[in-house]
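Below is one structure, written out as structure tokens; comments come after it.
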Amino acid sequence: MLKKTSCKVAVYAFLAGVSLAPLGNAASEEKAPFDRAKAGDGGLGMPTPYDKFLALDQALTKTKVDWSKLSRAMGKPLDTDAFKDAEVSIPLALGVRIADGVMTVKAKDAELLNKCASDIEKLAKKLGVTDGEMSRGRAVRAAANKGDWLKVFMELGFFQQDIMKKLTEEKNASKGTLVVIGGWIQGARYTAAVVEENYSADVSNILREPLLVKSLVEKSATLPASVKSSAQMVKVTESLSKLSKLVDVPTDGSISKEDVQKISAITTEVVSAASRAAN
């Protein structure tokens with residue numbers, strides 16, 4: 001059975017892209033129970049759904065998830081040449097493909113990882129990331145082609161960090177926020193698909209991330225007016241608001257199968273739009 005603890009919320013938030021820092025004296029509160037009321041936003045980080053994939057492996061003791069099949073079904077290559085909007089469409093698509101890249105590592109699928117890395121490089125370049133800042137992409141491909149998946153995991157992490165470092169500079173802050181949002185939504189989409197297929201109340205709790213999604217909603221509200229008013233971003237904001245309510249259940253509660261299906265439908269709609277937006 002999946003053990004559900006309050007601290008899991010903080011762990012998921014850190015790995016998925018938003019660190020939650022308790023406010024107050026760290027030394028005296030080090031062993032105190034996690035207090036949601038005292039949680040503060042530690043800032044946006046790189047989106048990665050890998051923690052959820054590991055949690056699913058641990059929870060589904062009687063089921064072996066076919067990660068490669070899932071990756072091939074849900075992570076589609078993009079027509080990167082068609083993407084022109086550097087303010088909204090490209091950052092969201094980049095976030096989606098970063099999450100896809102993490103999935104290909106979990107699936108140990110070198111072919112798909114090479115396609116993801118290529119898309120990530122092309123989209124990042126459209127946002128001003130230089131070849132030098134993406135040099136680790138070659139190391140990711142080389143390790144994948146050799147089947148050295150531990151090195152792939154490490155190099156992909158550094159590769160993403162190099163890109164995110166550029167996109168979290170003050171002049172690129174809104175783009176960095178959209179990359180994180182796109183990555184989280186695609187990660188939640190993968191997770192919801194597995195949870196729906198193997199539903200139980202305990203497993204559904206893996207989708208419980210109220211503080212993280214709340215932070216993404218708040219970050220969205222701080223974006224420039226020109227970004228927030230775009231048709232695509234209006235839809236994303238509406239979707240995040242809906243998702244925030246669906247994943248906000250008590251620590252020892254669960255998300256109904258019907259709501260898991262809603263999460264799957266909402267995230268799929270956003271990702272589909274992000275994957276075809278080109279203007």
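The values are calculated or read from the model by the stated rules, or taken from the named source; none is laboratory data. Because the structure is predicted, anything quoted here is derived from the model rather than measured. Reconstructed Cβ throughout: ideal geometry from the backbone, glycine too, with neighbour counts over all protein chains shown.
Exactly one condition in (1) under 25 Å from residue 101 (Cβ atoms); (2) aliphatic (A, V, I, L, M); (3) more than 19 Å from the chain's Cα centre (by Cα) is false for residue 212; which is it? So residue 212 meets the others, but not (3).
The rows are residues; the columns are (1) in contact with a His (Cβ under 9 Å, 6 or more places away or on another chain); (2) more than 30 Å from residue 66 (Cα to Cα); (3) buried (at least 23 other Cβ atoms within 10 Å of the Cβ).
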| position | (1), (2), (3) |
| --- | --- |
| 175 | no, yes, yes |
| 178 | no, no, yes |
| 183 | no, no, yes |
| 204 | no, no, yes |
| 221 | no, yes, no |
| 226 | no, yes, no |
| 234 | no, yes, no |
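Under the condition of being of a type in the set (Val, Ile, Thr) and in contact with an Asp or Glu (Cβ under 7 Å, 6 or more places away or on another chain), the residues counted in region 245-271 number 2.
Of everything in region 102-142 that is basic (Lys, Arg), more than 25 Å from residue 85 (Cβ to Cβ) and in contact (Cβ under 8 Å) with a residue 24 or more places away in the chain, the residue that is surrounded by the fewest Cβ atoms within 10 Å (Cβ to Cβ) is 108.
Identification of helices (runs of 4 or more DSSP H) wholly contained in region 197-254 with 2 or more residues that are within 18 Å of residue 59 (Cβ to Cβ) yields 201-204. Scanning region 154-173 for residues that are buried (at least 18 other Cβ atoms within 10 Å of the Cβ) and under 18 Å from residue 104 (Cβ atoms) turns up 155, 156, 159, 160, 163. Considering the conditions (1) touching a strand residue (DSSP E or B) at 6+ places or on another chain (Cβ under 7 Å); (2) charged (D, E, K, R); (3) within 22 Å of residue 55 (Cα to Cα), residue 219 is excluded by exactly one of them, (3). Any idea which residue in region 143-160 is farthest from the chain's Cα centre (by Cα), counting only those that are over 19 Å from residue 49 (Cβ atoms), without any contact (Cβ under 8 Å) to a residue 24 or more places away in the chain and in a helix (DSSP H, G or I)? Restricting to residues being over 19 Å from residue 49 (Cβ atoms), without any contact (Cβ under 8 Å) to a residue 24 or more places away in the chain and in a helix (DSSP H, G or I), the top hit is 146.
Could you tell me whether residue 94 is part of a helix (DSSP H, G or I), at pLDDT below 95 and more than 26 Å from residue 227 (Cα to Cα)? Spelling it out, it is not the case that residue 94 is part of a helix (DSSP H, G or I), at pLDDT below 95 and more than 26 Å from residue 227 (Cα to Cα). The set of residues in region 145-157 that are farther than 12 Å from residue 102 by Cα and either of a type outside the set (A, V, I, L, M) or touching a helix residue (DSSP H, G or I) at 6+ places or on another chain (Cβ under 7 Å) (or both) comprises 145, 146, 147, 148, 151.
Could you tell me whether residue 192 is without any contact (Cβ under 8 Å) to a residue 60 or more places away in the chain and over 25 Å from residue 161 (Cβ atoms)? In short, no. Listed conditions (1) at pLDDT 95 or above; (2) under 17 Å from the mean Cα position of the chain (by Cα) are all met by residue 165, apart from (1).
Can you confirm whether residue 263 is in a loop (DSSP other than H, G, I, E, B) and at pLDDT 95 or above?
Against the criterion (in a loop (DSSP other than H, G, I, E, B) and at pLDDT 95 or above), residue 263 does not qualify.
Of everything in region 90-101 that is touching a Lys or Arg at 6+ places or on another chain (Cβ under 9 Å) and more than 26 Å from residue 149 (Cα to Cα), the residue that is surrounded by the fewest Cβ atoms within 10 Å (Cβ to Cβ) is 90.
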